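The values are calculated or read from the model by the stated rules, or taken from the named source; none is laboratory data. If you're wondering where the values come from, they're calculated on a predicted model, not measured in any experiment. Note that we place each Cβ from the backbone using ideal geometry, even for glycine, and neighbour counts take in every protein chain shown. Surface areas here come from the heavy atoms of the whole protein model, side chains and all, with no ligands, DNA or RNA. Shrake-Rupley method; radii C 1.70, N 1.55, O 1.52, S 1.80 Å.
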Amino acid sequence: TKRKKITVINDDIKDIKEPCLVLCTHPSKPDFIYTALSIWPKKPNMVANYYYFYYPMLRKLFVKMGVIPKKLFTTDSPTIKDMFSVARAGNDIMMMPEGRLSICGTNLPMPCGLEKLVKKLGMPVITIRPHGAYLTGAKWMKSKRHGRIEIEARLTLTKDEVASQDTEY
């Protein structure tokens with residue numbers, strides 16, 4: 001079997017009880033699993049590619065889990081409305097704003113308007129970075145590899161810092 005040693009560093013976020021916006025980098029395929037491990041017992045509503053909703057089994061699972069569908073590389077207002085509904089209901093939201101898997105192990109550029117979305121949601125922001133994940137499960141690999149993954153989860157912005165941010169350029 002292929003073994004991975006996973007270490008979670010989440011001392012900053014253990015005591016956060018209020019709903020949060022969880023932003024994660026996306027270097028490897030199982031990043032959703034790494035994110036869930038790092039923020040357990042929080043159960044966020046994930047934002048995922050609408051493409052996966054075309055698979056009947058995944059669609060049933062995603063609907064049950066409260067996954068928010070998003071069309072990639074377009075302005076998708078129903079996704080934004082769903083995110084606001086989830087935030088108003090007092091639930092966490094998890095998204096990988098890069099929009100796709102990294103092809104070289106580095107972070108991709110963040111989409112324009114992300115800072116405005118963060119400010120409008122008005123939720124504390126937790127960032128998750130799985131270090132070493134790209135080397136064990138990159139997009140181009142046909143099989144998984146052994147390795148050590150260190151998942152860094154930290155509170156990046158508190159609710160007060162989000163409210164005081166200036167989103168104008």
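When segment 34-82 is filtered for residues that are open to solvent by 70 Å² or more (accessible area, probe 1.4 Å), modelled with pLDDT under 90 and under 24 Å from Glu18 (Cβ atoms), the ones remaining, listed by number, are Leu37, Trp40, Pro41, Lys43, Met65.
Out of Ser143, Ser85, which single residue is of a type in the set (Ser, Thr, Tyr), open to solvent by 30 Å² or more (accessible area, probe 1.4 Å) and at pLDDT 90 or above? Working first, answer last.
On the way: Ser143 fails: at pLDDT 90 or above.
Only one candidate passes the filter, namely Ser85.
Among residues belonging to segment 112-140 that are in contact with a Ser or Thr (Cβ under 6 Å, 6 or more places away or on another chain) and open to solvent by 20 Å² or more (accessible area, probe 1.4 Å), point out the one that is modelled with the lowest pLDDT. Out of the qualifying residues, it is Tyr134.
For segment 77-91, which positions are in contact with a strand residue (DSSP E or B) (Cβ under 6 Å, 6 or more places away or on another chain) and closer than 12 Å to Val47 by Cα? Break it down stepwise before answering.
Quick first cut of segment 77-91, residues in contact with a strand residue (DSSP E or B) (Cβ under 6 Å, 6 or more places away or on another chain) only: 79, 82-83, 86, 91.
If the condition is that a residue be in contact with a strand residue (DSSP E or B) (Cβ under 6 Å, 6 or more places away or on another chain) and closer than 12 Å to Val47 by Cα, then Thr79, Asp82, Met83, Val86 are the ones that fit.
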